[in-house]
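Trainee: Just passing along the structure, written as structure tokens.
The values are calculated or read from the model by the stated rules, or taken from the named source; none is laboratory data. The structure presented is a predicted model; accordingly, all values stated were derived computationally and were not measured. Glycine gets a Cβ as well: all are built from the backbone with ideal geometry, and neighbour counts include every protein chain shown.
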Amino acid sequence: MTFQLKSITKNAQLLSSIINLYLSNDNLIHQNLSFILDIIVNHRIFHEASSDEPNEELAAVYRKWAVRLNALLQSKNVAARWCGISLVRATCENSHYLLVANAKTWSAQLLGFVGKVTEPVAIHQDCIETLSFLFTYTIDKPELQREIATPNLQRYNQLLLQLSRKQDLLATVLSALTANVKLFPSTARHISDQCLQLCLSCLDGSRDLDNKTMKEANKCLVSLYNASSKSMMAAQWTDSISRLIGSVHECLNRLFDTVDEETQEIELPKPYPFLAVSTDYVDAFPVLMKRIQLVQDCISTFLSTSTSVTVGVPVTPLIDLICRVYNVYEGSLMKDYKDKSEYVTLMMCLPSIHLSTSKMFVSLLYCSGQEMMRHSKLFSRILLRLLSEHKQKRALKSSVYKLIGLCLEKCGYTFAESISKVLAASIVEDLRIIEKKTTGFAVANAQQKKSHKKRKNDVTNSDALSSKLISAASTEVQISALQALSALLQVFGFAMENGQRASVDSAVLGRLIQTIQPTDMSDEEVILVRVELYLCLISSVTHPIETQASILPHASRLFSAGINDHSHQLQAICKKGLSICDLIMHSRLPPIQRALPKATPTVKVAQETVHGDENDDVFKKQEKVVDESIIVEEEKETVMEIAVTKAPFVQSVSVPITPVTLPPTVEKPTAEISQEISVQATPAPVINPTTLEPVTIEKLKTKEIANSIASKSHDPIEADDGMDLDMEMPMIDMAGPDSDDDE
């Protein structure tokens, strides 16, 4: 007998089983918590239709469940209280009915836990996350918001500021404050100054905090503009980021004290009031360097976070800050009468400062978009110098490549034209595979051995004779270089010089064809590099150069071979590349329209020997060779038919079509015409000897023509009849004179 349960009955029985079997013992509930949460989520026990109220059976089970959760929250066992908080959150996330019915009670109990300083960190953390969910849930529900959020938010914010003293809870507290400021700005307005001081204490650089805490501090500082009035929100956002820029300048004033900088005529923005650092550079430089990194990361968060109002980004002050940082490098001049050891210490801090500045530069490019095109010349000079300075520095060179790729996308052709030659040469250099031989070391070791016996200096053991392949650059640098190369080919690939483009394509093809991989790269790193190589190959195929042979055949074979690779990622990219090659080569694509020069049209004239009565068909074919000229007279027209004898078969020739002008027909009396025809043969029409060959016209039979003309002379043609009679063109022999007639 099959046993089927309705959905509601099934959920009620499952929930009753959980209560009876797993929630009865407070001491063992923490062992089964994950199992209970899986059942709630997978079986959707609290799922209910939005319009239906639970029936009596399910409502009774719900009441039993709520009573049991309240008992867990009031338990003396810490683990049981923690499990009760976790189950309350799961219940609120899955059941609207239970949330509305018990939110007031649960929020009061959770606020009590937050106010107790003696509670463990786990309970505080879960209570803060559950209360944030409850208050966020009331945003679109005014009645629920009046009952739950409005009476408790002020106390909740104050308790959060008190818990921020615990470093383990700092990230959770900052996240909750950010949500409260965004969703309830009027309630959080009175704590905005305290939140600002809390965020600045995280950015001070005097203590070590994890990345999650710093990200939440940056988000909280960005969200503080929401606490201002609507008319001042944009100004508050701009003032905050300007103060951060001023704080970085203030730190640089102390760091670059020994460097002979260019004089700054502009007024620097006002900074935030950070704590003063020590006068000794040994203690001050680490704090200042870390403060600069943290503040620049906060500026990046400002530039990459969406705002609810339109704000103005201070592009010019940001570019001035970037230029000031990049203008100080290892070759910078030192001021006179300054401590040289302090200058050397500054040079030690420069790579870290340049790296954090590059991150801020990336955020600015993403934020500004096409507005950066007017600064393309400045960016090209800066990045070219950084590319030459950081040749042997892996992280900095990788960041420079990423900046170049992003500038190529944002600034376009102008930036690519000024940087393409140096960039292509640097990329080809980083993609090289070097064969390293160990013979030199073995010979040196052999020579160091002192022995009275005569030994050969030649190395004979296999270890010394062996060689290995190593890459010229690290994996990170190669990936960044290939990404920059792909961007260069997409923007400037069609305009590159032939030798430059050939070297780039050869480097990519050579790495893909190479079967023996470098020994200093793992299999995962080889796959990552090959992914970027295939993407560069796709960019090269889709952006060919007109003055150079395409690498399409090589690319097609490489993509075909790559489909059988063991890596699924490479297989997917090769399938995409092969489909692109197929679309380029396949005939189903429409032809590419190109503007071709107009050529002189030519006509092939094929002549054949015709016998007897087949002249009429052949005459029609030959009439297509010469343009027909129609001579129309206003009053009378005379039609003459001239027969042209067909010449023997001659090889077909190509003759340009040139219009032939015939002499005008002079109207004469019929008697004179018959007399002339009877005495002499009809002369050939005058033809320009430069375009057509001389022709031979057969003598007409004078008797037949004379009789026909005499018969027509009795019936003259009247011009008023409205009849247009066309004079047929004489059929001209294009093959030249016939040798038989000449004889």
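Trainee: Do any helices (runs of 4 or more DSSP H) lying entirely in the stretch 99-212 carry at least 1 residues that are within 43 Å of the chain's Cα centre (by Cα), among the aromatic types (Phe, Trp, Tyr) and surrounded by 15 or more Cβ atoms within 10 Å (Cβ to Cβ), and which ones are they? Show your work before the answer.
Mentor: Details: elements: 121-137, 150-163, 170-183, 192-203.
Qualifying helices (runs of 4 or more DSSP H): 121-137.
Trainee: Out of all the residues in the stretch 376-385, is one or more out of contact with any strand residue (DSSP E or B) (no Cβ under 9 Å at 6 or more places or on another chain), modelled with pLDDT under 95, among the charged types (D, E, K, R) and crowded, with 20+ Cβ neighbours inside 10 Å? Quick ask: steps written out before the conclusion?
Mentor: From the stretch 376-385, those out of contact with any strand residue (DSSP E or B) (no Cβ under 9 Å at 6 or more places or on another chain) are 376-385; that's our starting set.
Filter once more, so that each one left must be modelled with pLDDT under 95: 376-385.
This time we only want the ones that are among the charged types (D, E, K, R), so: 377, 381, 385.
This time we only want the ones that are crowded, with 20+ Cβ neighbours inside 10 Å, so: none.
Among the residues of the stretch 376-385, not one is out of contact with any strand residue (DSSP E or B) (no Cβ under 9 Å at 6 or more places or on another chain), modelled with pLDDT under 95, among the charged types (D, E, K, R) and crowded, with 20+ Cβ neighbours inside 10 Å, which makes the answer no.
Trainee: Checking the condition of a type in the set (Lys, Arg), part of a loop (DSSP other than H, G, I, E, B) and modelled with pLDDT of 90 or more, which residue from 359, 270, 290 passes?
Mentor: Numbers: 359 fails: part of a loop (DSSP other than H, G, I, E, B); 290 fails: part of a loop (DSSP other than H, G, I, E, B).
The conditions single out 270.
Trainee: Given 7, 75, 17, 34, which one is surrounded by fewer than 19 Cβ atoms within 10 Å (Cβ to Cβ), at pLDDT below 90 and among the hydroxyl-bearing types (Ser, Thr, Tyr)? Quick ask: steps written out before the conclusion?
Mentor: Values: 75 fails: at pLDDT below 90; 17 fails: at pLDDT below 90; 34 fails: at pLDDT below 90.
Only one candidate passes the filter, namely 7.
Trainee: Residue under question is residue 226, and the condition is that it be of a type in the set (S, T, N, Q), assigned to a helix (DSSP H, G or I), modelled with pLDDT under 95 and crowded, with 19+ Cβ neighbours inside 10 Å; does it hold? Full working, then the answer.
Mentor: Numbers: of a type in the set (S, T, N, Q): yes; assigned to a helix (DSSP H, G or I): yes; modelled with pLDDT under 95: yes; crowded, with 19+ Cβ neighbours inside 10 Å: yes.
Answer is yes for this residue.
Trainee: Further question on the same structure: Cβ contacts < 8 Å: first residue assigned by TED's automatic domain parsing to the domain that holds residue 282, restricted to the stretch 324-353; second residue basic (Lys, Arg) and surrounded by 12 or more Cβ atoms within 10 Å (Cβ to Cβ), any location; separation 6+ or different chain. Result?
Mentor: 326/385; 329/385; 351/393
Trainee: Continuing with the same structure: Which residue out of 332, 363, 341 is under 19 Å from residue 296 (Cα atoms) and among the polar types (S, T, N, Q)?
Mentor: Numbers: 332 fails: under 19 Å from residue 296 (Cα atoms); 341 fails: under 19 Å from residue 296 (Cα atoms).
Matching residue, one of 332, 363, 341: 363.
Trainee: Right, another one. Counting just the residues of the stretch 253-267 that are outside any loop (DSSP other than H, G, I, E, B) and not aliphatic (A, V, I, L, M), which one comes out farthest from residue 284 (Cα to Cα)?
Mentor: From the stretch 253-267, those outside any loop (DSSP other than H, G, I, E, B) are 253-259; that's our starting set.
Still in the list and also not aliphatic (A, V, I, L, M): 253-254, 256-258.
Working: 253: 12, 254: 9, 256: 12, 257: 12, 258: 14 Å.
Ranking the qualifying residues of the stretch 253-267, first place goes to 258.
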